[in-house]
Amino acid sequence: MENQLGKTVLAAVNDLMFQVKISGAAKHAGVNLKYVTTEKDLFEKAAAGPALIIFDLTFEIVRPVESIRKLKGTAALKHISLLGYLPHVQTDLQKLAQEAGCDTVMPRSAFSLNLSQILMQHAGAAAW
């Protein structure tokens, strides 16, 4: 498997609307996007060293808060940038994700609005 370090983004997202948005923005930014649907799948694909992992913090199957904590607690994976998004009213979940080590936590609306810039930054195409 070809390693596209710095150009690969993993997305732990199960909402079809956001999958479509992320896929379109990834294509435009020139990043290799891979979706993960289980916690096991997440860690298998994270081992390849993606530039960014995007978490829908409400996607309970991948156990986002626990996964973030494990990623940041693993020496070989802690360098990976982690971004989580959630409904703006879930402030308790936001705090948990931040405490677990999520680098950026933002409301869904801000994530959607800034998605292209976020992906371009992690593709090395532009400053964010």
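The values are calculated or read from the model by the stated rules, or taken from the named source; none is laboratory data. Not measured: the values here are computed from a predicted model. Virtual Cβ from ideal backbone geometry, glycine too; neighbours counted across all protein chains shown.
Results, tabulated for the structure shown:
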quantity	calculated
Which numbered condition Cys102 misses (of (1) in a loop (DSSP other than H, G, I, E, B); (2) crowded, with 21+ Cβ neighbours inside 10 Å; (3) at pLDDT below 95)	(3)
Qualifying residue in the stretch 120-128 (condition: modelled with pLDDT of 95 or more and either surrounded by fewer than 18 Cβ atoms within 10 Å (Cβ to Cβ) or closer than 23 Å to Leu16 by Cα (or both))	no
Filter result (touching a Leu at 6+ places or on another chain (Cβ under 7 Å) and not in a strand (DSSP E or B)) within the stretch 52-77	Leu57, Thr58, Val62, Pro64, Val65, Ser67, Ile68, Leu71, Leu77
Members of the stretch 42-95 found to be polar (S, T, N, Q) and either without any contact (Cβ under 8 Å) to a residue 24 or more places away in the chain or closer than 21 Å to Lys21 by Cα (or both), listed by number	Thr58, Thr74, Ser81, Thr91
Checking Lys40 against (1) over 23 Å from Asn114 (Cβ atoms); (2) among the basic types (Lys, Arg); (3) surrounded by 13 or more Cβ atoms within 10 Å (Cβ to Cβ), the condition it does not meet	(3)
Of all residues making up the stretch 40-62, the number that are within 13 Å of the chain's Cα centre (by Cα) and within 14 Å of Asn14 (Cβ to Cβ)	8
Among the residues listed as Val36, Val13, the single one being within 16 Å of Pro87 (Cα to Cα) and in contact with a strand residue (DSSP E or B) (Cβ under 9 Å, 6 or more places away or on another chain)	Val13
